[in-house]
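Quick notes on the structure that follows.
The values are calculated or read from the model by the stated rules, or taken from the named source; none is laboratory data. These numbers were taken from a predicted model, which means no experiment stands behind them. Reconstructed Cβ throughout: ideal geometry from the backbone, glycine too, with neighbour counts over all protein chains shown. Surface areas here come from the heavy atoms of the whole protein model, side chains and all, with no ligands, DNA or RNA. Shrake-Rupley method; radii C 1.70, N 1.55, O 1.52, S 1.80 Å.
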Amino acid sequence: SINGHAVQFLVDTGATAVSLGQAEADRIGLDYRHGQRIATGTANGSVSAYAITLTSVRVGDVEVANVPAIVVPAPMDRVLLGNTFLTRFSMLRETDTMRLEKRP
């Protein structure tokens, strides 16, 4: 969840930040239009986006506060769980399973 709102995540170790589309940001009530305007690179080229800080991101029983994120104009069917969230964890890979353990 983001700020207490249910969302679907996709772990993306290649994404710099937690990223979500404007439609999803509107659906969960994020005030992203007051964020900093930035240009960011995507698989489809450079786009204008908003840099914001999420109050909280929760996956299962683990919650992380103050997570930098970007909101992009492109529609996205899932929120990309990028490195602004993932770097707070150790990633352990065993065969076809990846396990995240929160760093102290």
Practice task
Select from the range 48-64 the residues that are open to solvent by 40 Å² or more (accessible area, probe 1.4 Å) and modelled with pLDDT under 95 and list them in ascending order.
Solution key: Ser48, Arg58, Val59, Gly60, Asp61, Val62, Glu63
Exercise for the section: State whether one or more residues within the range 66-83 are open to solvent by less than 50 Å² (accessible area, probe 1.4 Å), closer than 17 Å to Arg103 by Cβ, in contact with an Asp or Glu (Cβ under 7 Å, 6 or more places away or on another chain) and of a type in the set (S, T, N, Q). Expected result: no
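Can you list the strands (runs of 3 or more DSSP E) found entirely within the chain that contain at least 2 residues being of a type outside the set (A, V, I, L, M) and under 12 Å from the mean Cα position of the chain (by Cα)?
Hits in the chain: 18-21, 45-59, 62-72.
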Practice task
Would you check which residues across the range 13-46 are more than 22 Å from Asn66 (Cβ to Cβ) and open to solvent by less than 50 Å² (accessible area, probe 1.4 Å) and list them?
Solution key: Gly45
Handout entry: Pair list, Cβ < 8 Å and 6+ apart or interchain, from the range 1-13 residues that are of a type in the set (Phe, Trp, Tyr) to residues that are part of a strand (DSSP E or B)
Key = Phe9/Val59; Phe9/Val79; Phe9/Leu80; Phe9/Leu81
Exercise for the section: Determine whether the range 1-12 contains at least one residue that is open to solvent by 30 Å² or more (accessible area, probe 1.4 Å), of a type outside the set (A, V, I, L, M) and touching a helix residue (DSSP H, G or I) at 6+ places or on another chain (Cβ under 7 Å). Expected result: no
